[in-house]
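Shown next, in structure tokens, is the structure this report addresses.
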Amino acid sequence: MIFFAKYYVCSMTQDELYMRRCLDLAVLGAGTVSPNPMVGAVIVCENKIIGEGYTSPYGGPHAEVNAVRHVLETFGEERALVMFRSSTIYVSLEPCAHQGKTPPCADMLVRYNFFRVIVGCLDPFPKVNGLGLKKIADAGIQTQVGVLEQECLFMNRRFFTRIQQQRPYVILKWAETSDGFFAPAEPGQQWISNAASKQLVHKWRAEEDAVLVGTSTAMLDNPSLTVRLWKGRNPKRILIDRDLVVPDDAALFDGMAETIVFNAKRADWQGKRKYIALENFALYLPQNILYQLYLMDVQSIIIEGGAKTLQQFIDAGVWDEARVFQSKARWTTGVASPRLSARARSSSKVGNDTLSFYFRDTY
Ligand SMILES: NC(=O)c1ccc[n+]([C@@H]2O[C@H](COP(=O)([O-])OP(=O)(O)OC[C@H]3O[C@@H](n4cnc5c(N)ncnc54)[C@H](OP(=O)(O)O)[C@@H]3O)[C@@H](O)[C@H]2O)c1
């Protein structure tokens, strides 16, 4: 394995190595930058990294600004201004061209007169979409796009899904026994995965904007859906409860995070609870829920069950990724796991559990 890793690094070009570093930085923004994309930037002068940065929490400076500030702070303004003129800046996503919560990054790169700007992939956001790179190229700066492009697209699959499909990126998550059971035959809770898997799920929650469960799961498992075994912010909690049967003292209503209840009866606010009434629960429920969440700038969601709820999202074709833990336990009877017609792209061990990742298509 060590040999393989070494070979892999050696076979990368210099540009790919620096873009790899951008991706390592970008991921540090997970769970804080949404609905912005996760971006990393590296500034290289005479073959040395002189500054790096990644996107600050939403509303804060973008990766390029943080990398530039890093150089200014390290070398002082006078020296930094000279260095920028012979530097290449690598950015995992095209620099923005528009005024948003912060000024356009493309203008800043032009102002500092960089020698080269190398970008992992274009930004499909309509106000950018090639315009950032055009501004830079029009100013006479060398540009290149497409270094580690697939990896850069994958890094921002949540952002691209929201922009291009007008819905959050959907991650399905469940645990099953080695013989494919999801829940006991008699209604109730029986834990399947191990403690390490549980902690990993809390980390995942900290990285996504929302987490959803169905009525029976809320009633039988009484989940909190928080990140208490990890650090980070709790995601929005989403509950499907058509007839509002989940009691007031349920953990989902403990005030630890915002909870949105999709139901057929009520549309109002109560503290951190928001009730959204849907007219028709029988038609396009997953699509309607996702559209409402899209309007709230929710960029990603984990569907944590139960089986009926997960299967509805699968059958509606609105899922992007599935993360399935399989334990060694054999139950021989019970509620069957959701049916997914996709092959695992990768599998690894989390203690005794096997964790498999599935992807619907694009990524
Ligand atoms: N293995 C795992 O990873 C995992 C994860 C979570 C839960 N679980 C287990 O799974 C079991 C619960 O799963 P489940 O499949 O029975 O329940 P579920 O998916 O949590 O909830 C299903 C219920 O939610 C309501 N609902 C969902 N979609 C609806 C729609 N389109 N229209 C109207 N109502 C809708 C319905 O309630 P009504 O029928 O009352 O209308 C439906 O019966 C529990 O035993 C729990 O412990 C296992």
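The values are calculated or read from the model by the stated rules, or taken from the named source; none is laboratory data. Nothing here was measured: the structure is a model prediction, and the numbers come from that model. Here the Cβ positions follow ideal geometry from the backbone for every residue, glycine too, while neighbour counts run over all protein chains shown. In case anyone asks, the SASA skips ligands and DNA or RNA and just uses the protein heavy atoms, side chains included. Shrake-Rupley method; radii C 1.70, N 1.55, O 1.52, S 1.80 Å.
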Legend entry - Over the range 162-359: Kirkwood hydrodynamic radius from C-alpha pairwise inverse distances, Å: 17.1 Å
Legend entry - Heavy-atom accessible surface of the chain: percent carbon and sulfur, 1.4 Å: 52 percent
Inset, instruction - Return the single residue from 120, 271, 60 with maximal mean-square fluctuation; model: Gaussian network over the chain, springs between Cα atoms under 10 Å. - result: 271
Legend entry - Helix 14-26 vs. the chain, principal-axis angle (Cα, 0 to 90°, nearest 10): 50 degrees
Legend entry - the chain, relative contact order in percent, only Cα pairs under 8 angstrom and at least six apart counted: 15 percent
Legend entry - Rg ratio (alpha-carbon, reference 2.2 N^0.38 Å) - the chain: 1.10
Inset, instruction - Only bridges with both residues in the chain count here: give the DSSP antiparallel percent, nearest 5. - result: 45 percent
Legend entry - Nonlocal amide H pairs with residue 360, under 5 Å, H built at 1.01 Å: 321
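In square angstrom, what is the accessible area per residue of the chain with a 1.4 angstrom probe? Could you put the intermediate results ahead of the total?
On the way: 17450 Å² over 363 residues.
Counting only protein heavy atoms, the per-residue value for the chain is 48 Å².
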Inset, instruction - Using per-residue counts of other Cβ atoms within 10 Å, averaged over each peptide, order 140-147, 110-117 from highest down. - result: 110-117, 140-147
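At 1.4 Å probe size, put 198, 328 in order of accessible surface, largest to smallest. Spell out each step's value before the answer.
On the way: 198 70, 328 140 Å².
Ranked list, largest accessible area first: 328, 198.
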Inset, instruction - Working with all protein chains in place, sort 125, 325, 359 by solvent-accessible area computed with a 1.4 Å probe, largest first. - result: 125, 359, 325
Legend entry - Burial order of peptide ranges 128-134, 281-287 (average beta-carbon count within 10 Å, highest first): 128-134, 281-287
Legend entry - Per-residue HN-Hα couplings for the range 36-44 [Karplus 6.51, -1.76, 1.60; θ = phi - 60°; Hz; x = Gly/Pro]: 7, x, 8, 10, x, 9, 9, 10, 10
Inset, instruction - Using DSSP, restrict attention to beta bridges with both residues in the range 2-155 and report what percent are antiparallel, rounded to the nearest 5. - result: 55 percent
